[in-house]
């Protein structure tokens, strides 16, 4: 008697999602992408109407940036003599933009493609667009007004003034709020952050004790920055920008490596972040122009990166040389894709990026 055939499985596997270039997928995304184009055009007109010049910075750099927790894409440049030198896709156009300010430009902006490895999710993409702009000779609070203007321009384009993300709703036409970082830690997390840092040092154990007393889990190998980030992401950021846009400002210098010190408060850096619906949209600085202090901070960041991840990136010596000639300035970087996502009501960045990267 012949053997009975094996019964076929009745389980149904979920087919993979169609690629973004599939016509029906593109048709669904196209209204969001057209809104993206109109938002970019509106912001460009706004900036050009105020004397800004649009610039284009190279993506291939000697250093991708020197923030400990950012991971770059590395490649090689091969010369005509076949010599090979490492190069990186930049994580931000910041170093190049500051060189242009040092060269004499006063108001500049760019919509730059930037690249960050190990980042993927609804709010993260390995390649995305950063709107970065600088005002020479102007304070960072001027950039606050720019940020709010961009929100309102995007709302005008889409006709949506109430933006939402994961249950949080923000009316971007309302007057913005602003909160110091120390105030946010105390009021939202019950942690007296200002008692755990000075101009020159941080008190890791002091922050650990305060965080544990407030109910946070602290691991034995957590650094001051690890504990800081845990409290910020768990208990503060989700609540920022609810109801109205909100600016978090005045960071410890240990968390503001590229910012100048706040006058009369050397323990603080002139840094701010813009939040809408608990989503960080922008990160701005009153720019540090002291090359010696900047070198120390970048080296400290790379020492931390070496400790945590076993790697470090080069310091851009040309950037430090340019700082010696850079006039006082303020600059800000805004995640343009996040802005479009919130303004259009999209649920993730891939919906508003013209050619998104396929998942790995």
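The values are calculated or read from the model by the stated rules, or taken from the named source; none is laboratory data. A quick note: this is a predicted structure, and the numbers were derived from the prediction, not measured. A quick note on method: Cβ atoms are made from the backbone with ideal geometry, for glycine too, and the neighbour counts reach across all protein chains shown.
Condition check for residue 312 on (1) in contact (Cβ under 8 Å) with a residue 12 or more places away in the chain; (2) surrounded by 16 or more Cβ atoms within 10 Å (Cβ to Cβ): one failure, at (1). For segment 224-245, what are the residues that are buried (at least 21 other Cβ atoms within 10 Å of the Cβ) and out of contact with any helix residue (DSSP H, G or I) (no Cβ under 9 Å at 6 or more places or on another chain)? Selection gives 241 alone. Evaluating residue 145 against the criteria (1) under 15 Å from residue 275 (Cα atoms); (2) in contact (Cβ under 8 Å) with a residue 12 or more places away in the chain; (3) more than 14 Å from the chain's Cα centre (by Cα) leaves one unmet condition, (2). Only one of the numbered conditions (1) modelled with pLDDT of 95 or more; (2) not in a strand (DSSP E or B) is not met by residue 119, and that is (1).
Scanning segment 70-102 for residues that are in contact (Cβ under 8 Å) with a residue 40 or more places away in the chain and in contact with a helix residue (DSSP H, G or I) (Cβ under 8 Å, 6 or more places away or on another chain) yields a total of 5. Scanning segment 259-280 for residues that are buried (at least 22 other Cβ atoms within 10 Å of the Cβ) and more than 15 Å from residue 139 (Cα to Cα) turns up 268, 274, 275, 276, 277, 279. With respect to residue 23, determine if the residue is out of contact with any helix residue (DSSP H, G or I) (no Cβ under 9 Å at 6 or more places or on another chain), surrounded by fewer than 20 Cβ atoms within 10 Å (Cβ to Cβ), more than 24 Å from residue 324 (Cβ to Cβ) and in contact (Cβ under 8 Å) with a residue 40 or more places away in the chain. When the stated conditions are applied, residue 23 does not pass them. Residues of segment 111-143 that are surrounded by fewer than 19 Cβ atoms within 10 Å (Cβ to Cβ), closer than 17 Å to residue 354 by Cβ and out of contact with any helix residue (DSSP H, G or I) (no Cβ under 9 Å at 6 or more places or on another chain): 113, 126, 127. Between 335, 345, 331, which is at positive phi and either surrounded by 15 or more Cβ atoms within 10 Å (Cβ to Cβ) or at pLDDT 95 or above (or both)? Selected residue: 345, the only one of 335, 345, 331 that is at positive phi and either surrounded by 15 or more Cβ atoms within 10 Å (Cβ to Cβ) or at pLDDT 95 or above (or both). Taking the conditions exactly as written (at pLDDT 95 or above, surrounded by 15 or more Cβ atoms within 10 Å (Cβ to Cβ) and touching a strand residue (DSSP E or B) at 6+ places or on another chain (Cβ under 7 Å)), does residue 158 satisfy them or not? The answer is no for residue 158.
Residue 315 passes every criterion in (1) part of a helix (DSSP H, G or I); (2) more than 30 Å from residue 40 (Cβ to Cβ) apart from (1).
In the set (1) modelled with pLDDT of 95 or more; (2) assigned to a loop (DSSP other than H, G, I, E, B), residue 257 fails one condition alone, (1). Looking only at segment 223-267, which residues are out of contact with any strand residue (DSSP E or B) (no Cβ under 9 Å at 6 or more places or on another chain), touching a residue at least 24 places away in the same chain (Cβ under 8 Å) and within 15 Å of residue 286 (Cβ to Cβ)? Within segment 223-267, 266 is the sole residue that qualifies. Within segment 162-175, the residues that satisfy the criterion of being more than 10 Å from residue 343 (Cβ to Cβ) and in contact with a strand residue (DSSP E or B) (Cβ under 6 Å, 6 or more places away or on another chain) are 162, 165, 169, 170, 171. Say whether the condition of being under 19 Å from residue 335 (Cα atoms), in contact with a strand residue (DSSP E or B) (Cβ under 8 Å, 6 or more places away or on another chain), at pLDDT 95 or above and crowded, with 19+ Cβ neighbours inside 10 Å is met by at least one residue in segment 76-90. The answer is yes, given that some residue of segment 76-90 is under 19 Å from residue 335 (Cα atoms), in contact with a strand residue (DSSP E or B) (Cβ under 8 Å, 6 or more places away or on another chain), at pLDDT 95 or above and crowded, with 19+ Cβ neighbours inside 10 Å.
Does segment 320-348 hold any residues that are in a helix (DSSP H, G or I) and out of contact with any strand residue (DSSP E or B) (no Cβ under 7 Å at 6 or more places or on another chain), and which are they? Within segment 320-348, 320, 321, 322, 323, 340, 341, 344 meet the criteria.
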